[in-house]
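Working notes, structure below.
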Amino acid sequence: VEYAKKMGKEIYVIPHRIGQSNATNRLLEQEDAKAIYNIDNFISKFSNIKEKKYNNFLEFCKTNPTYEEALNKFPNKVFEAELSAEIEIKHGKIFLI
C-alpha cells in the first residue's frame, strides 16, 4: 500500500465484515482505498481500457506487416502477443493466429 501511494496508484480492496480484516476496513475508512463491491464491474472497468488499446495492434496485424514495421509501431505489443499465441512471425511477417 505504501509503494502504491508513493507512485500515485489507486488501491482497491474487497470490504470485510467488522473484525474480519481491520487493515482493509481501515484503508476504506481513511479513504486510502476504494471498495470493490461487484467483481464483474471492477474487471470490466479495466479490461475495456486494455482491450481498446490492444485491438489497435491486432487490427494492424491483420494487414500482415513486417516484423520491423510492427516493432516500430508497437514495440511493447509484438513480444507480448507472440508469447500469448495471438500472432505468429513467419519469414519476417506477422500473421494473426
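The values are calculated or read from the model by the stated rules, or taken from the named source; none is laboratory data. Here the structure is a predicted model, which means the values were calculated and not measured. FYI the Cβ positions are ideal-geometry reconstructions off the backbone, even for glycines, and counts take in every protein chain you see. Side chains included, ligands, DNA and RNA excluded: accessible areas come from the protein's heavy atoms. Shrake-Rupley method; radii C 1.70, N 1.55, O 1.52, S 1.80 Å.
Annotations
- Note on the chain: dipole from Cβ charges, positive end direction compared against Val78, Ile97, Gly8; the farthest Cα belongs to Gly8.
- Per-residue [θ]222 nm for the chain (sum of -39500 (n - 2.57) over DSSP H runs n ≥ 4, rounded to 500): -15000 deg cm²/dmol
- Surface share of carbon and sulfur [accessible, 1.4 angstrom probe, percent] for the chain: 52
- Label selected from (i) 41, 14, 10; (ii) 24, 15, 10; (iii) 34, 19, 9, the criterion being semi-axes √(5λ) of the Cα gyration tensor in Å as computed here: (i)
- The angle separating the long axis of helix 39-61 from the principal Cα axis of greatest extent in the chain is about 20 degrees.
- Heavy-atom accessible area order for Ile94, Ile39, Ile89, largest first, 1.4 Å probe: Ile39, Ile89, Ile94
- 10 Å Cβ shell holding at most 14 others, DSSP loop, trypsin sites (Lys or Arg not before Pro): longest site-free stretch of the chain: 18-61
- Solvent-accessible area per residue, Å², over the chain with all protein chains present [probe radius 1.4 Å]: 79
- The modelled label-to-label distance for the pair Met7/Asn22, using points 7 Å beyond Cα in the direction of Cβ, is 2.9 nm.
- For the chain, a crude dipole built from +1 on the beta carbon of Lys and Arg and -1 on the beta carbon of Asp and Glu, taken about the Cα centre, is about 140 debye to the nearest 20.
- The region of the chain that goes longest without hitting one of the GluC sites (Glu not before Pro) in a DSSP loop, each with at most 11 other Cβ atoms within 10 Å, is 32-97.
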